[in-house]
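Right, one structure below, let's go through it.
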Amino acid sequence: MTSGDGASDADLLRAHVEGDKQAFGELVRRHRDRLWAVALRTIGDREEAADAVQDALLSAHRNAARFRGDSAVTTWLHRIVVNACLDRIRRRQAHPTVPMPDGSRSDDRPSGVEPAAPVQDHETALLVREALAALPVDQRAAIVLVDVQGYPVAEAAEILGVAVGTIKSRCARGRAKMALALGDVVQPAAQPARGDVAHPTPGNQEASTSVPSGPAADRRDQR
Amino acid sequence: MTGADFSGVDIDLLADYIGGALEGTPDESVVAARIADDPRWHAAYETLGGRMAMVGAELGRLAPEPMPADLAARLDDAFSAPPRLELVHDAAPVSRRRQRRWVTPIAIAAGVVAFVGFGLDYLAGRTDSNDQGTSSAAGVAEQSTAAPQILSTGTDYTRSTLTAEPVQPLTAATTPDEPLSAQKNGDRSAATLPELSRLMPPEALQECLDAIQQENAGGPLSVESVDYARFDGAPAVIVRFTAANGLWAWASGPACGTLAGDADTLAKLPVR
């Protein structure tokens, strides 16, 4: 039995492939909060995020034998979840639903049913989430991974299957769009030097580095 | 909006520069020169850079969002191995024949338990009627209503007929006075649906049901019937079950329950 606390993610996945019926469940329990957060912020709708996570994990469960170990297991899981989210968003864009009289749904815009932020930050957080949701999906996915979840740029690039420079560009352009949309909601405390915007404080300070796994999101999840 | 005047400035290019995406590229020096020489670019750089940093900071402050408990529970159900069934013989038989029952360490759908118990008896040719040497139509009827049916109709289901209840052909039905022996059952199954012979042993069938349960992601299954049959001409087990997400008719191919095949789902339809 490999499903103990001491087993690595790779051990668990290997055990699952070899028939251990508890191993994959343990792997999911380890990472479900981060996978959920990425899905929710990317897709912006709780029900759709739940469906995407469920579909993605079933796919991972089925296709575990194809995992070659080229990346960390968490990176692989995130890639599957993010792709499931992007697929759903693109399907939604290709077949937009008819807006309800209350305007509750259009193309890839989230339905605005995200959770409430702490009271003191509620208004700002709401506006930030709305601005994030309005971004093109590629920029949104990159920003969710790097700025919201704290993944290093290199790992975000691996998850999304693009170059590091592409992630930097998507994040920077997305932040610029959000800055324009948010206007005076966000006020700079001091003029940063070039490049510092990729490492905001207290945002993702490891954005330009690469680590095998164990995302900076761990820190954030424990806040 | 910010109220800042960014006219004449390529915001995306400037953002790339600020975000470090142009490092080492020819555009880096081009943008740097514009910022140095063009007041509009310089002003945009001053304004946008700071606000981008603040946006990054605000994004980092968004509250963490743990997975909702109901979704976590669904995933636990989907990816936890269903409890294994074990055969328990009563210490003291209450009658001439041995009582047998199936128990499970935690509660799962009674239908599944009943199904496996009945299924094993069926496959092994040890029906109550066989053990007792006597039987009654009432007894068989009572058992068939209490336990899921295992059938081998050979019916070729389609999407339009998948949700119909299976009907055991009279020629294949087991009669009370002619209990089905294991050998006979195996011969019949192999003769009619050899591709499904892998799924005849109860352990393999249980693996298949486990796989369906996981793919369905609706919690434990209460199985009504399993029919060794066909779907669109291809060999398939047709499973009717109830789970938390409703009553389903599910067609799975011969690889159902294998790691590579998972549930080998050919079709699945809600029964309405």
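Derivation of every value follows stated rules applied to the coordinates shown; laboratory data play no part. None of these values were measured; they are calculated from a predicted model. Don't worry about glycine lacking a Cβ; one is built from the backbone with ideal geometry, like all the others, and counts go over all protein chains shown.
Remark: spin-label model distance B:T258-B:T158 equals 2.9 nm, labels positioned 7 Å along the Cα→Cβ axis.
For region B:217-272, rounded, prolate or oblate, judged on the Cα gyration tensor with a ≥ b ≥ c (square roots of eigenvalues), a/c < 1.5 rounded, else prolate if a/b > b/c? Oblate, since a/c reaches 1.5 and b/c is not below a/b. The ranking of A:H16, B:H42 from fewest to most other beta carbons within 10 Å of each one's beta carbon is B:H42, A:H16. The Cα atoms of region A:1-88 give a gyration tensor whose axes a ≥ b ≥ c have a/c of 1.5 or more with a/b greater than b/c, which makes the shape prolate. Peptides A:56-68, A:168-180, B:213-225 ranked from most to least packed, by the mean per-residue count of other Cβ atoms within 10 Å: A:168-180, B:213-225, A:56-68. Peptide A:27-40 shows a mean partner chain C-beta count of 4 within 10 Å per residue C-beta. For the peptide B:7-19, the mean number of other protein chain Cβ atoms found within 10 angstrom of a residue's Cβ is 5. Shielding of peptide A:163-174 by partners, expressed as the average count of other chain Cβ atoms within 10 Å per residue Cβ, is 6. Once the chain from A:V162 to A:D33 is taken as fully extended at 0.36 nm per residue, the excess over their C-alpha distance is 44.0 nm. Using R0 = 30 Å, the C-beta based FRET efficiency linking B:D10 and A:D184 works out to 0.80. Ranked by the mean number of other Cβ atoms within 10 Å of their residues, highest first, the peptides A:23-32, B:153-162 fall in the order A:23-32, B:153-162. Fewest neighbouring Cβ atoms within 10 Å first, the residues A:I43, B:I11, A:I80, A:I143 line up as B:I11, A:I80, A:I143, A:I43.
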